[in-house]
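*Asks:* After the structure tokens below, expect a handful of questions from me.
The values are calculated or read from the model by the stated rules, or taken from the named source; none is laboratory data. Bear in mind the structure is a predicted one, so any value in this text is a computation, not a measurement. Here Cβ is always computed from backbone atoms with ideal geometry, including for glycine, and neighbour counts include all displayed protein chains. To get the accessible areas, we keep the full protein, side chains included, count just its heavy atoms, and leave off ligands, DNA and RNA. Shrake-Rupley method; radii C 1.70, N 1.55, O 1.52, S 1.80 Å.
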Amino acid sequence: MTNGGPPKLAANGLSYHYGDLQALRNVTLEVQPNDLLTIMGPTGSGKTTLLRAFNRLNDMLTGTRMTGRLDMDGLDLYGPETDPAEVRRRIGMVFALPIPLPMSIYDNVAYGPRLHGVTRKAELDEVVEKGLRDAILWDEVKDRLVDSALRLSGGQQQRLSIARVLAVEPEVILLDEPTSGLDPISTLRIEELLKQLRERYTIVLVTHNPQQAARVGERVAFFYLGELVETGPSQRVFTRPLDRRTEDYISGRFG
Amino acid sequence: MNNRAIVAHKVAVGVLWASAVLTLGILVFILAYILYHGLPVLSWSFISQSPTEMGRSGGILPTIVGTFALTILALAIATPLGVGTAIFLTEYTRPGPLTRVVRFGAESLAGVPSIIFGLFGFMFFVIYLGLGWSILSGALTLAAMILPTIIRTSEEAIRAVPDSYREISFALGGTRWQTVTRAVLPSALPGILTGVMLGMGRSIGETAAVIFTAGSTLRLPTSVTDPVRTMAVHFYILAREGISMPNAYGTAAILVISILAVNFVAYWLMQRFIARHS
């Protein structure tokens, strides 16, 4: 798996506080290139905080405190030389709720490329089509790209969110419970999509649903109350969990 | 008990209906009254010619030009300043003493009577800066007067934009400025426009502040340093000094029609914009 290079993403002794509330406790975790890591855990276990710390979205908040180190390809994501906007472009983020920007389907996907200076129509057409195809949405929307994205169904809107992220050609895709608001069929489509995407991207999926982790993840990590309880190949974690709390969680005793 | 609730409900519905009808009725009555007295005076020459004999006869062309010049210039000054301040307060500062002071200042200014702004404009723009009675002095004064309204409404409109839009834009690698201009402002535009229209309404109908700063000449202005008389001021002088009531009503009719027309156009543009962006 590893070729001796640095991991794609790494957290080293990461702790995170919102005011007095500690959301992450000394988390150390590595994600190898082209890995598909699923982070599972009940609400309040710090999963979302970890994603938002990687993508530097919590920069906007006040009263937060972070200690430890986050790296991408061995480079400090919070280093003085690091440009947060560049970090966010290379590390894409799909949010829990499928939220389109109030504009057309086309403009939603073109939003990111336009931020990064793509203005030629032909070039934009190309990235938009590619993004939508990769998100397996193209066939459903190709005849109504100028329609408002707000008219799409929830499942389509979430695939649109993924297309929007793919269009800026990130290296890593973080997904924060992307199917929590979706019906089972839409959920399955997103899970299939993730399996296809992992060939080209490093993917971190957060879910509060252990079944989803079992279905999708090659590697899973279990978080509980801000702590990384255990991590390993999905097969092993689900059949022979090392920690009692993991066992209780996957057998549905809480969560 | 049950009966009392039903009676209370019926009374409430009656009172609410009555207030709505009364409000609309007063508005329609004022409009109808002005148009009834003003429309007979209107003709092409009334709006295309300059007044003669102090406005007793002739048209009102210079006052139409003056009104629009003053209002457009005031909006051109106040809109970027007001929207810029609102963006600064909402997107570029964390809530704290500074934002509270600026907001308190804006709110206090919004309640100051227009004549005070007129006096200030006269002392500062007309005399101290030596701009004289001019379109420029008047527009600067009106801009100061409507600025608080534009700041407040823009700020509320920007605050109402869901944070999720900002996060999407940031998460795609957008800078703060890109996020503000591309994700936030398009959604806030209808609300911002409401503030600008309120400001326009106040400017177009203002008399006290304008007489002090833009003068009341009846000559057709040729530059922003020329003094002007606006329609509202013309109407006031014609009526106050008993020069010509019919022409006063004619001027009022044009003023009312202009305001309605501008509102309709703005509303239509907004609908087109919303249709494209939702």
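*Asks:* So, B:LEU198, is that one open to solvent by 30 Å² or more (accessible area, probe 1.4 Å), under 20 Å from the mean Cα position of the chain (by Cα), more than 14 Å from chain A (Cβ to nearest Cβ) and modelled with pLDDT under 90 or not?
*Replies:* yes
*Asks:* Quick one: would you say A:THR28 is over 15 Å from A:THR64 (Cβ atoms) and out of contact with any strand residue (DSSP E or B) (no Cβ under 9 Å at 6 or more places or on another chain)? Talk me through it step by step, then tell me what you get.
*Replies:* On the way: over 15 Å from A:THR64 (Cβ atoms): yes; out of contact with any strand residue (DSSP E or B) (no Cβ under 9 Å at 6 or more places or on another chain): no.
Taking the combined requirement at face value, the residue does not satisfy it.
*Asks:* Restricting attention to segment B:133-156, does a residue exist that is of a type outside the set (Ser, Thr, Tyr), more than 14 Å from every other protein chain (Cβ to nearest Cβ) and outside any helix (DSSP H, G or I)?
*Replies:* yes
*Asks:* Return yes when B:ALA110 is at pLDDT 95 or above and closer than 30 Å to B:ALA239 by Cβ and no when it is not.
*Replies:* The answer is no for B:ALA110.
*Asks:* Identify, by number, the condition in (1) within 14 Å of another protein chain (Cβ to nearest Cβ); (2) open to solvent by 30 Å² or more (accessible area, probe 1.4 Å); (3) touching a residue at least 12 places away in the same chain (Cβ under 8 Å) that A:TYR18 doesn't meet.
*Replies:* (1)
*Asks:* Go through segment A:167-192 and report how many residues are surrounded by fewer than 22 Cβ atoms within 10 Å (Cβ to Cβ) and more than 27 Å from A:THR246 (Cβ to Cβ).
*Replies:* Residues in segment A:167-192 being surrounded by fewer than 22 Cβ atoms within 10 Å (Cβ to Cβ) and more than 27 Å from A:THR246 (Cβ to Cβ): 6 in total.
*Asks:* Grab the helices (runs of 4 or more DSSP H) fully contained in segment A:88-176, keeping just those with 1 or more residues being within 12 Å of chain B (Cβ to nearest Cβ) and aliphatic (A, V, I, L, M).
*Replies:* Once the helices (runs of 4 or more DSSP H) in segment A:88-176 are filtered for at least 1 residues that are within 12 Å of chain B (Cβ to nearest Cβ) and aliphatic (A, V, I, L, M), what remains is A:105-115, A:154-166.
*Asks:* Within segment A:46-65, count every residue that is more than 20 Å from A:HIS116 (Cα to Cα) and surrounded by 16 or more Cβ atoms within 10 Å (Cβ to Cβ).
*Replies:* Total satisfying the criteria: 11.
*Asks:* What number of residues in segment B:157-177 are more than 7 Å from chain A (Cβ to nearest Cβ), more than 30 Å from B:ILE77 (Cβ to Cβ) and part of a loop (DSSP other than H, G, I, E, B)?
*Replies:* Residues in segment B:157-177 being more than 7 Å from chain A (Cβ to nearest Cβ), more than 30 Å from B:ILE77 (Cβ to Cβ) and part of a loop (DSSP other than H, G, I, E, B): 1 in total.
*Asks:* With more than 20 Å from the chain's Cα centre (by Cα), open to solvent by less than 50 Å² (accessible area, probe 1.4 Å) and farther than 26 Å from B:ASP163 by Cβ as the only criterion, which of A:LEU115, A:LEU124 stands out?
*Replies:* Values: A:LEU115 fails: farther than 26 Å from B:ASP163 by Cβ.
Among A:LEU115, A:LEU124, only A:LEU124 is more than 20 Å from the chain's Cα centre (by Cα), open to solvent by less than 50 Å² (accessible area, probe 1.4 Å) and farther than 26 Å from B:ASP163 by Cβ.
*Asks:* Filter segment A:216-252 down to the residues that are among the aromatic types (Phe, Trp, Tyr) and either assigned to a strand (DSSP E or B) or free of Cβ contacts under 8 Å to residues at least 24 places away in the same chain (or both) and list them by number.
*Replies:* A:PHE222, A:PHE223, A:TYR224
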